[in-house]
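Single-structure report; data block below.
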Amino acid sequence: MTKTAAYGEWPSPLPASVVAAGSLRRSALKSDGVFCYWVENRPGDGADVVVRTRRGEQPSQVSATGASVRSRVHEYGGGAYALVRRDGATCLVEVHLDDQRVHLVDTATGRCRPLGCEAPEGEEWRHGDLSVTGDGEWVLAVRERHRDEQVTHELVAVSIGAPGREATLAWGRDFFAAPRSSPDATLVSWLCWDHPHMSWDESELWVAHLESGPTGLPVIEGAERVAGGPGVSVGQPMWCDDGSLVYAADDYGWWQPWRWQRGEPARRLSEEHAEFHGPDWGLGTATMAELADRSLLVVWRSEGRDRIGVVGRDGGPLTEIDQPCVEIDSVTAQHGTALWLGATASAGPSLWWSPEAAPGAPYAGRVTPLLADADIAVAEPFSFVSEHDRVVHGLFYAPTLGGTAGPAGEWPPLVVACHGGPTAGARPGFNPLVQFFTTRGFAVVDVDYAGSSGYGRAYRRSLAGGWGVVDVADCIDTAAFLADAGLGGPGAPRRVDGRRMAIRGGSAGGFAALSAMVQSDRFAACASWYGVTDLLALVASTHDFEARYTDGLIGPLPEAHEEYERRSPINRVAEIHGAVLILQGLDDPVVPPTQATSMVDELRQRGIHCEYVAFEGESHGFRRAHTIEAALEAELDFYRRVFGRSSL
């Protein structure tokens with residue numbers, strides 16, 4: 001029998017504590033031919049550890065005990081570990097959060113020792129995007145150097161067998177990424193780019209000879225640019241066993257796979273209008289891997305979901321693998337078998353392997369579903385032409401709880417989710433945070449506004465100059481679309497209650513949410529998680545990686561000074577409609593806490609309902625279980641109070 005309950009008050013089986021504990025992140029999948037390894041975030045304490053498993057075994061931690069394996073290069077990190085064979089066994093080289101040095105860990109004994117030199121007095125060094133040369137002698141890494149408020153980047157080689165020996169390989173560019181050695185250790189490739197560009201706007205792929213210098217330290221010679229340049233983005237170079245180099249580039253409007261062989265022109269391997277790469281907010285992306293027959297395992301995004309398949313060594317049609325994952329983080333290969341970390345619509349990220357090798361199931365790392373199938377809201381991808389004559393994409397989640405329905409003649413409240421970046425994208429895999437709301441009778445829509453990734457370069461670039469205007473309009477138009485017409489086009493029934501709509505987001509998404517409260521009276525409530533409130537203050541205080549990001553999103557300073565002021569929510573508090581909740585980490589280097597407290601003071605001085613919760617020890621993106629739990633409970637209670645005042 002179906003029970004009737006007020007929307008927003010359904011008896012959810014998913015408490016905030018379970019959402020927090022279940023917000024498990026898995027990334028950076030690798031294989032040594034026997035075991036599979038990945039990085040796993042532990043929500044209990046926010047630490048990142050490396051685990052490994054093989055068929056028939058449960059995953060176990062192999063990274064150094066008591067250490068969090070996390071890089072702070074570009075603040076967002078990535079590529080914090082690599083595998084290396086030493087004395088016939090697999091060891092880890094890994095970056096530890098507390099000191100940002102490279103360490104060697106013996107996975108058999110747990111013995112850990114630092115590699116490379118300590119930073120000189122007055123400097124702070126960070127390392128990330130680790131890889132090991134083909135001969136197993138050197139760790140290649142991006143080094144970020146901080147001295148007297150100046151930040152520089154370089155590529156370094158750190159000896160594995162002789163701690164303290166290291167060499168600087170490349171410098172002089174604003175940013176570096178993805179240093180990778182050929183299998184025979186004679187060539188090295190890397191990515192680089194300069195301010196004011198971000199790597200997903202314009203970057204370059206270089207290749208050079210890797211040689212031994214007079215002192216025995218490695219040096220590079222004969223460097224040449226092989227891909228990228230003005231108006232082109234390049235990502236994730238990967239050397240293959242035959243000495244060719246595979247990478248992703250958007251020369252033709254989509255991040256597609258290419259192969260380069262020395263002395264030959266590069267070849268595009270797929271002409272599919274899909275994205276085989278994403279914006280490198282984190283280093284160490286791996287959505288391509290070489291299989292035993294030299295074909296290429298690839299992941300691509302189209303129609304609102306990820307897909308995985310194979311393309312031949314020299315290109316040709318894609319052969320898609322029939323598998324249930326709709327969101328895939330990383331891939332690798334093991335003895336010709338495809339393996340990947342993927343999430344389905346009903347369960348979070350797990351380790352899967354090719355159905356051809358083992359029909360029907362993953363063999364390790366399986367995540368136990370947090371909800372019964374009848375309680376899970378599955379993403380409905382949609383696109384529509386907005387009132388501003390733009391195509392807007394997104395994912396809609398209807399309120400879902402088995403045996404429960406809302407009152408007849410009523411529609412559910414809506415939570416509009418604005419992803420961060422703003423170049424990120426809506427992800428269709430099982431997300432406990434989304435289900436936290438849908439199992440309580442809220443509808444949720446995740447908007448892929450202009451500038452989102454997954455729809456080609458033109459869509460990604462459509463936010464140029466329009467941040468805080470175009471993306472916000474797309475979110476507002478999506479809410480109106482669902483409240484006035486609903487999915488299915490003109491004449492389709494409405495899906496949500498237009499008088500009970502909230503908008504939420506983190507970082508750039510928090511900025512969009514706050515801006516929507518200024519530009520529209522559609523929303524009764526806004527929840528900003530570490531969101532930007534003051535654009536000029538952001539530029540003045542943010543880290544080097546994003547220091548010039550707003551040049552392309554808004555305009556260069558000082559010419560666009562007035563536009564920065566006009567688009568900053570802190571300067572338009574008097575125009576805000578509705579109530580505001582602000583959640584902020586007190587150790588945030590990207591959006592400092594002063595952005596939140598200044599906004600809160602302005603709102604309260606003007607008599608606008610505002611609630612503020614700050615969290616000690618949290619940075620840009622909450623990681624600890626107790627923080628996530630408290631933040632979700634605060635947001636839910638906030639919506640219920642606001643919607644209770646505005647409901648019929």
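The values are calculated or read from the model by the stated rules, or taken from the named source; none is laboratory data. Bear in mind the structure is a predicted one, so any value in this text is a computation, not a measurement. For neighbour counting, all protein chains shown are included, and Cβ atoms are generated from backbone atoms with ideal geometry for every residue, glycine included.
Does region 558-573 contain any residue that is surrounded by 17 or more Cβ atoms within 10 Å (Cβ to Cβ) and outside any helix (DSSP H, G or I)? There is at least one residue in region 558-573 that is surrounded by 17 or more Cβ atoms within 10 Å (Cβ to Cβ) and outside any helix (DSSP H, G or I). All of Ala177, Ala167, Ala157, Ala185 fail the test of being under 18 Å from Glu211 (Cβ atoms), touching a residue at least 60 places away in the same chain (Cβ under 8 Å) and in contact with a Leu (Cβ under 8 Å, 6 or more places away or on another chain), apart from Ala157. Within region 91-108, the only residue that satisfies the criterion of being at pLDDT below 95 and part of a strand (DSSP E or B) is Asp106.
Within region 256-276, the set of residues being under 15 Å from Ile308 (Cα atoms), without any contact (Cβ under 8 Å) to a residue 40 or more places away in the chain and outside any strand (DSSP E or B) comprises Ala274, Phe276. Determine whether Arg85 is surrounded by fewer than 21 Cβ atoms within 10 Å (Cβ to Cβ), among the charged types (D, E, K, R) and either touching a helix residue (DSSP H, G or I) at 6+ places or on another chain (Cβ under 8 Å) or outside any loop (DSSP other than H, G, I, E, B) (or both). Judged against the criteria, Arg85 is a match.
For region 520-538, a residue qualifies if it is surrounded by 18 or more Cβ atoms within 10 Å (Cβ to Cβ) and either without any contact (Cβ under 8 Å) to a residue 40 or more places away in the chain or part of a helix (DSSP H, G or I) (or both), and the qualifying residues are Leu535, Ala537, Leu538.
Output yes when any residue across region 411-418 is at pLDDT 95 or above, out of contact with any helix residue (DSSP H, G or I) (no Cβ under 7 Å at 6 or more places or on another chain) and part of a loop (DSSP other than H, G, I, E, B), and no when none is. Let's see the steps before the verdict.
Keep residues of region 411-418 that are at pLDDT 95 or above, which gives 412-418.
Those left that are additionally out of contact with any helix residue (DSSP H, G or I) (no Cβ under 7 Å at 6 or more places or on another chain): 412, 417.
Right, trim to part of a loop (DSSP other than H, G, I, E, B) and you get 412.
Yes: region 411-418 contains one or more residues that are at pLDDT 95 or above, out of contact with any helix residue (DSSP H, G or I) (no Cβ under 7 Å at 6 or more places or on another chain) and part of a loop (DSSP other than H, G, I, E, B).
For region 618-648, a residue qualifies if it is over 21 Å from Val18 (Cα atoms) and touching a Lys or Arg at 6+ places or on another chain (Cβ under 9 Å), and the qualifying residues are Val642, Phe643, Ser646, Ser647, Leu648. Screening Arg457 on (1) in contact with an Asp or Glu (Cβ under 9 Å, 6 or more places away or on another chain); (2) outside the structural domain of Ala525 (by TED's automatic domain parsing) shows it passes everything except condition (2).
Hey, any hits in region 98-111 for a residue that's over 29 Å from the mean Cα position of the chain (by Cα), more than 21 Å from Trp38 (Cα to Cα) and outside the structural domain of Ala162 (by TED's automatic domain parsing)? Among the residues of region 98-111, not one is over 29 Å from the mean Cα position of the chain (by Cα), more than 21 Å from Trp38 (Cα to Cα) and outside the structural domain of Ala162 (by TED's automatic domain parsing), which makes the answer no. Kindly indicate whether any position in region 215-233 is touching a Ser or Thr at 6+ places or on another chain (Cβ under 7 Å) and of a type in the set (Val, Ile, Thr). No, region 215-233 has no match at all. Being closer than 22 Å to Val105 by Cβ and hydroxyl-bearing (Ser, Thr, Tyr) is the filter; apply it to region 142-196 and report the residue that is surrounded by the fewest Cβ atoms within 10 Å (Cβ to Cβ). The selected residue is Ser159. Against the list (1) of a type in the set (D, E, K, R); (2) at pLDDT 95 or above; (3) closer than 24 Å to Gly578 by Cβ, the condition Arg494 fails is (2).
Total residues in region 464-475 satisfying the condition of being buried (at least 24 other Cβ atoms within 10 Å of the Cβ) and within 22 Å of Asp534 (Cβ to Cβ): the figure is 5.
Picking from residues in region 1-48 that are under 21 Å from the mean Cα position of the chain (by Cα), of a type in the set (D, E, K, R) and assigned to a strand (DSSP E or B), the one that is surrounded by the fewest Cβ atoms within 10 Å (Cβ to Cβ) is Arg42.
Quick one: count up the residues across region 15-41 that are under 23 Å from Glu635 (Cβ atoms) and of a type in the set (D, E, K, R). Before the answer, list the steps.
First, pick out the residues of region 15-41 that are under 23 Å from Glu635 (Cβ atoms): 15-25, 41.
Applying the additional criterion that residues be of a type in the set (D, E, K, R) yields 25.
Selection size over region 15-41: 1.
Among the residues of region 197-223, those identified as aliphatic (A, V, I, L, M), buried (at least 19 other Cβ atoms within 10 Å of the Cβ) and within 19 Å of Leu245 (Cβ to Cβ) are Leu205, Val207, Leu210, Ile220. Candidates in region 277-299 are the residues that are of a type outside the set (Val, Ile, Thr) and part of a strand (DSSP E or B); of these, the one that is surrounded by the most Cβ atoms within 10 Å (Cβ to Cβ) is Met288. Determine, yes or no, whether Ser515 is outside the structural domain of Glu144 (by TED's automatic domain parsing), under 25 Å from Pro589 (Cα atoms) and outside any helix (DSSP H, G or I). No; evaluated as a whole, the condition is false for this residue. Of all the criteria given as (1) assigned to a loop (DSSP other than H, G, I, E, B); (2) assigned by TED's automatic domain parsing to the domain that holds Arg390; (3) more than 30 Å from Arg126 (Cα to Cα); (4) at pLDDT 95 or above, the one not satisfied by Gly468 is (2).
In the condition set (1) among the hydrophobic types (A, V, I, L, M, F, W, C); (2) modelled with pLDDT of 95 or more; (3) closer than 30 Å to Leu14 by Cβ, Ala364 is compliant with all but (2).
Go through the residues of region 433-454 one by one and say whether even a single one is more than 17 Å from the chain's Cα centre (by Cα) and over 25 Å from Phe643 (Cβ atoms). Yes - at least one qualifying residue is present in region 433-454.
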